[in-house]
Amino acid sequence: MSQEEIIKEGLLKKFNYLEGSVNIVRPRRMSIEVGLDNFMPVFAYLVKDMRLSHLCTITGLDEQEKLGFIYHLTGESGVMVNLKTSVAKASPLIKTVTSYFPGAEIYERELEDLFGAKVSGLAQGNRYPLTDDWPVGQFPLRKDWKASPEAEKGADKNA
Amino acid sequence: MHNSKDFKIPIGPQHPALKEPEGFSVALKGEKILGVDIRLGYNHRGIEKAAEERTYIQDIYLIERVCGICSHSHSTCFIQAVEEIAGLVIPARARYIRTIIGELERIHSHLLWLGVAGHEIGFDTLLMYSWRDREVVMDILAAITGNRVNYGMNTFGGVRRDINPEQSREILKALDILEERTKYYIEIATEETTIIKRLSGVGVLSREDVLRLDAVGPTARASGVKRDVRVDDSYAAYGELTFDVITDEACDVYGRTVVRVKELMESYKIIRQALKNLPDGPIAIKAPRKVPAGEALSRYEAPRGEDVHYVQANGTEKPQRVKIRAPTLANVQAVKHMLRDRFLADMPIVIAAIDPCFSCTDRMIALKEQDCAKGKIISWPALHAYSLEWHKKQGIDFTELNKKLAARGQK
């Protein structure tokens, strides 16, 4: 059995609600979609039990009413698991994964700055990557955001 | 975050010890670093947003400019993701050419780093030597692609320029020179007391810390972690070529130096094999302007480590989302750890040792002639001759010395 199949079987055995949402896209690429409530146990299982010990990055997505987050996990086997979860844009609260990956701090700060996600449990620190005087409530990677003259004016006002 | 009672000094965002804008707030006790607070983002140019507003073809050229050194790395990483979504299988010859350019880029990047590292520890002779030798690979890149960086080699479905037999011979000739020089650098790195003493035990990052902090590239490999996308998640022609993943157990700046110089030898090995086995056939296939809806994640072993691009397509000719994670972002986390409890004087070399990326630009030169408003384009040999002549006029003439040296070399 290939590593991809081992991961798939392990997940389905442990979390029956994942039925139908674990896909082997091609050799070395898997995608999993999971609701926010079940995200942490699945994430922990992949990291600890399946030894996907390297978090490449976290991708943020603007999906109209929702914000999507893809955690790109991989390990020594080279299999890359794209674990996706999403949250309502109105209350975009997710939990930090820095207890598993201290290096994830900068990826989570990026989600906060560029998508307006709120990451609970993230230690105090410098923002990344926007400037300290960036206007409140402006999230550049949201689809409806445009670098409008108003936004630029807003930046000046806050400077 | 620091304790408010600590003595703090700011280094950056503009500082002579840094090659790029980045802000460090360093808490000190005497000369010892208690902790470092890093502020990044000064170079954020909104490329991901800009990529969503441009066509895939435009994005190749935009994304190539994410980095002034790893330009081929970023464009290949992006293009691989798009090709996967579109289901494009590129010709074997194109895969090999992408590999050759990728390795030539690694050579130029590692030689550049060696010079910077030499400079940071006050060993400027090493800087002069390695950057002189780097010109050999820069000339080859310019001859094949037409440019020293931002090569514009990639296009959807393959590459834009072929490598002809004559160019192939030129590359092999250049590799012979570079290999000879690299052997000398390996000798310096492993035997020269100044280097060994200055770099050993500096910027320590244990194997466990690499795994915990997710460091990548030579930074990870110098701590004994065999992490290399060319092997772990093989792409282009790497699966068909044999080479070693260089690791070292030193876990410090010295180890990172040894890994990089030894990796140069592997790059020569890869290029020689790729040129020898370069498959015949077309260099590109026709690709559609619109990319069907889908998503893909692509990884690439850039000179500084793992580069990651995620692309989501929506069926139009513009991407829905492009996410880029360059290797330095993964490694900068480790820097904090490496600096703790070290001396302030080690800071420049520790930061330089992860090889943070800075821009190396085009070298097209326009000289203004007297009484001529328009510029003049000058060829490389003519510029060389002009330079010698100019220095002679200033009283600096090495003609006799060069003759003597050449005569001594023949003996």
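The values are calculated or read from the model by the stated rules, or taken from the named source; none is laboratory data. Since the structure is predicted, the reported quantities are computational estimates derived from the model, not experimental observations. All Cβ positions, glycine included, derive from the backbone under ideal geometry; neighbour counts span all protein chains shown.
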In the range B:210-219, the residues that are in contact with a strand residue (DSSP E or B) (Cβ under 7 Å, 6 or more places away or on another chain), assigned to a helix (DSSP H, G or I) and within 15 Å of B:His337 (Cα to Cα)
B:Thr219
Kindly evaluate B:Asn147 against the criterion of being surrounded by fewer than 20 Cβ atoms within 10 Å (Cβ to Cβ), assigned by TED's automatic domain parsing to the domain that holds B:Ala302 and either over 22 Å from B:Glu180 (Cα atoms) or at pLDDT below 95 (or both).
yes
Step by step: first the residues of the range A:57-69, then only those that are within 7 Å of chain B (Cβ to nearest Cβ) and buried (at least 23 other Cβ atoms within 10 Å of the Cβ), then the one that is farthest from B:Lys323 (Cα to Cα). Which residue is that?
A:Thr57
Would you point out the residue of the range B:284-299, among those that are within 29 Å of the chain's Cα centre (by Cα) and within 14 Å of chain A (Cβ to nearest Cβ), that is farthest from B:Tyr96 (Cα to Cα)?
B:Glu295
Just checking, does the range B:318-325 include any residue being in contact with a helix residue (DSSP H, G or I) (Cβ under 9 Å, 6 or more places away or on another chain), surrounded by fewer than 20 Cβ atoms within 10 Å (Cβ to Cβ), within 12 Å of chain A (Cβ to nearest Cβ) and not in a loop (DSSP other than H, G, I, E, B)?
yes
Of residues in the range B:300-317 being more than 16 Å from the chain's Cα centre (by Cα) and assigned to a strand (DSSP E or B), the one surrounded by the fewest Cβ atoms within 10 Å (Cβ to Cβ)
B:Gln312
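Residue check: is B:Ser25 modelled with pLDDT of 85 or more and under 24 Å from B:Ala237 (Cβ atoms)? Talk me through it step by step, then tell me what you get.
Values: modelled with pLDDT of 85 or more: yes; under 24 Å from B:Ala237 (Cβ atoms): no.
The answer is no for B:Ser25.
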Result of the Cβ filter at 7 Å on the range A:47-76, keeping first residues that are under 18 Å from B:Val231 (Cβ atoms) and of a type in the set (A, V, I, L, M, F, W, C) and partners that are in a helix (DSSP H, G or I) and modelled with pLDDT of 95 or more, at least 6 apart or interchain, is A:Leu52/A:Leu46
Just one of the numbered conditions (1) modelled with pLDDT under 95; (2) in contact with a Gly (Cβ under 7 Å, 6 or more places away or on another chain); (3) among the charged types (D, E, K, R) is not true of A:Glu76; which one?
(2)
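This table checks each residue for (1) part of a loop (DSSP other than H, G, I, E, B); (2) farther than 30 Å from B:Pro319 by Cβ; (3) out of contact with any Asp or Glu (no Cβ under 6 Å at 6 or more places or on another chain).
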{"position": "B:Cys251", "(1), (2), (3)": "yes, yes, yes"}
{"position": "B:Lys262", "(1), (2), (3)": "no, yes, yes"}
{"position": "B:Leu278", "(1), (2), (3)": "yes, yes, yes"}
{"position": "B:Lys290", "(1), (2), (3)": "yes, no, no"}
For the range A:96-122, pairs from a residue that is more than 10 Å from chain B (Cβ to nearest Cβ) and over 18 Å from A:Val136 (Cβ atoms) to a residue that is buried (at least 18 other Cβ atoms within 10 Å of the Cβ) and among the β-branched types (Val, Ile, Thr), with Cβ under 6 Å and 6 or more apart or across chains, are A:Thr96/A:Val119; A:Glu108/A:Val119
Do any residues in the range B:347-360 that are outside the structural domain of B:Pro303 (by TED's automatic domain parsing) have Cβ atoms under 6 Å from those of residues that are in a helix (DSSP H, G or I) and at pLDDT below 70, where the two are at least six apart or on different chains, and which pairs are they?
none
Among the residues of the range A:107-151, which ones are surrounded by fewer than 18 Cβ atoms within 10 Å (Cβ to Cβ) and basic (Lys, Arg)?
A:Lys118, A:Arg127, A:Arg142, A:Lys143, A:Lys146
In the range B:226-242, which residue that is at the interface with another protein chain (Cβ under 10 Å from one of its Cβ atoms) and surrounded by 20 or more Cβ atoms within 10 Å (Cβ to Cβ) is nearest to B:Glu208 (Cα to Cα)?
B:Arg227
Please work out if B:Ser168 is in a helix (DSSP H, G or I), in contact (Cβ under 8 Å) with a residue 12 or more places away in the chain, assigned by TED's automatic domain parsing to the domain that holds B:Gly115 and surrounded by 14 or more Cβ atoms within 10 Å (Cβ to Cβ).
yes
Quick one: which helices (runs of 4 or more DSSP H) sit completely within the range B:12-121 and have at least 2 residues that are within 13 Å of chain A (Cβ to nearest Cβ) and on the phi < 0 side of the Ramachandran plot?
B:47-52, B:71-86
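State the number of residues belonging to the range B:326-353 that are away from chain A (no Cβ under 13 Å) and outside any helix (DSSP H, G or I).
The total comes to 4.
Residues to consider are B:Arg325, B:Arg321; find the one that is free of Cβ contacts under 8 Å to residues at least 40 places away in the same chain and basic (Lys, Arg).
On the way: B:Arg321 fails: free of Cβ contacts under 8 Å to residues at least 40 places away in the same chain.
The unique qualifying residue is B:Arg325.
Considering each residue of the range B:184-209, count those that are hydrophobic (A, V, I, L, M, F, W, C) and outside any helix (DSSP H, G or I), and give that number.
Qualifying residue count for the region: 3.
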Just a yes or no: is a residue in the range A:8-18 touching a Phe, Trp or Tyr at 6+ places or on another chain (Cβ under 7 Å), among the small types (Gly, Ala, Ser), closer than 29 Å to B:Glu208 by Cα and modelled with pLDDT of 95 or more?
no
Name the residue, out of B:Ile365, B:Ile354, that is of a type in the set (Val, Ile, Thr), under 30 Å from B:Ile11 (Cβ atoms) and either at pLDDT below 90 or in contact with a Gly (Cβ under 6 Å, 6 or more places away or on another chain) (or both).
B:Ile354
